[in-house]
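No value in this document is a laboratory result; all are computed from the given coordinates. All of these numbers come straight from a predicted model, not from anything done at the bench. When we count neighbours, we look across all protein chains shown, and the Cβ atoms used for this are built from the backbone with ideal geometry, even at glycine.
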Amino acid sequence: MTSAFWIILKRDLLLALRRRSEIFTVLFFFVVVISLFPLGVGTEEAVLKKIAPGVVWIAALLASTLALDRLFSADYEDGTLEKIVLAPSFLSISVLAKILAHWLLTGLPLVLISPLVGLFYHLPINTILVMMLVLLIGTPVLSMLGAIAAALTLGLRGGGVLVSLLVLPLYIPVLVYGAGAISTSMMQGVSIEPYILLLLAFSLLAMVFSPWVTAVALKISIE
Amino acid sequence: MSLVVNNLQCIRGEKELFSGLSFVLTNKQLMRIEGQNGTGKTTLLRTLCGLSQADDGEVLWHNLTIKKQDEVFRNELFYLGHHNAIKADLSALENLQINTALAGASYSEEQLLQALEDIGLFGSEYKSSAQLSQGQKRRVALAGLLLTNAKLWILDEPFVALDGFAVKKLQDVIASHVENDGTVILTTHQEVPLTQGKILTINLDQSNNKPNRSDND
């Protein structure tokens, strides 16, 4: 049962390694969107500091929807998904492996490159650390919610656009508390703890329900 | 060991593909499903392995519906669909290894290489699957048949895209599985000669859907 988890995780990472362009597309999209804002709104330090939390999160939300479309569709088209569904293990475990692989390939790189944003936006060092922390907690939620939408739209024409429309409204809580934590960390004497705890709660909740809901949606989609 | 199908009905859209379909299939039996294009052969196979839901009726394996014993059933099932489940970015060997591992079995590299050689892919084991022809990809998928311990094989057009050598090989593999107490259900226009065991045929063109038996003991 756990073996299906490792097989799928290893396979997805290996496939991504053979085809690196998909990882870099997401990463460059994130960096480009973020660097467009200073060009548009001007380089005034106070303004940039004020908009940085929102910009980072919105760029992360958009970047994470980019690769969602491919999460299940490649396996669906070549028949591997049927193999996974018919494998003698729980489908939700296999789905969790796919989600984890997706996060490692598209979420984690965003966390690691985010200090670069600090340079664009004059952020103090402790704010950059907070930003990395909330992205680390929040981006898995994006992958997990996104998996549900990707499974629901599997096999539909124009599914890619539909995924974004379905999933972006669901990202709002993560956006509000994620950006809130970064803004708060720039104020004196205010604790960011409630934000972090709420994000952790979202993350745990999504981890429990998302693989299960996604598995149900996949079974419906491949029928 | 038996597969029992009771009063199965499938409707797609407005069209009733088949209804009142019942049969019993035990070991040492091979069932051929015939019918013109669009008569629901693939739908029937997908329903039998649980990928699609029937609109009425049930499929029993060991006297229990397949839904109630999902994991047991899937452990004893080998399904080959239209698609080969081959990743273009992986080699033939890697594809075979991952697909057999997903089915819950692990084999040594020698066993995997031997299976690929037996199915006629000697020299292509480490080639990227993007360079393999359609028939060769089908062979990689079929190499899993040489290794699997599954009792029930459900094969959707297994002979498509294969050349004479591979067709002969696959006929032998299927025949020996049936002789070794296995059960095979397939859709094909190709004859599968058996030395022992029984061949049943279902023709989905007919409205009554009664299996015709042609004994072959």
Averaged over A:82-92, number of beta-carbon atoms from partner chains that fall within 10 Å: 6
Cα-centre dipole for chain B with unit charges at Cβ (Lys and Arg positive, Asp and Glu negative), debye to 20: 280
Whole-number percent relative contact order across segment A:2-222, with pairs defined as alpha carbons under 8 Å at least 6 apart: 27
Rough spin-label spacing in nm, given labels placed 7 Å along Cα→Cβ, for A:L62 and A:L112: 2.4
Extension gain (nm, one decimal) between A:E77 and A:E223, 0.36 nm per residue minus Cα-Cα: 51.2 nm
Cβ neighbours within 10 Å from other chains - mean over A:73-80: 4
Projected label distance in nm at B:T201 and A:E45, using a 7 Å step from Cα toward the beta-carbon: 8.7
Ranked by how many other beta carbons lie within 10 Å on average, peptides A:89-102, A:43-56 from highest: A:89-102, A:43-56
Cβ crowding within 10 Å averaged over residues, with A:187-193, A:29-35 ranked highest first: A:29-35, A:187-193
Cβ-derived FRET efficiency at R0 30 Å, B:N7 paired with B:E34, nearest 0.05: 0.90
Per-residue average of Cβ from other chains inside 10 Å of B:86-92: 4
Shape of the protein assembly as shown, Cα gyration tensor, a/c cut at 1.5: prolate
Pairwise FRET efficiency - A:V161 versus A:L129, Cβ, R0 = 30 Å, nearest 0.05: 0.25
For A:I125, A:I222, B:I119, order by how many other beta-carbon atoms lie within 10 Å, fewest first: A:I125, A:I222, B:I119
Sites B:E109 and B:Q190 - FRET efficiency at Förster radius 35 Å, r taken between beta-carbons, to 0.05: 0.65
Cα-centre dipole for the protein assembly as shown with unit charges at Cβ (Lys and Arg positive, Asp and Glu negative), debye to 20: 520
Prolate/oblate/rounded label for segment B:80-148 (Cα gyration tensor, a/c 1.5): rounded
Positive dipole terminus of the protein assembly as shown, leading residue within B:L170, B:L77, A:L9 (C-beta point charges): A:L9
Rg/Rh ratio calculated on Cα atoms of chain B (Kirkwood radius): 0.97
Dipole moment magnitude, nearest 20 debye, segment A:2-222 about Cα centre, only Lys, Arg, Asp, Glu C-beta charged: 320
Extreme residue, positive dipole direction of segment A:2-222, given options A:L96, A:M131, A:V41 (C-beta unit charges): A:L96
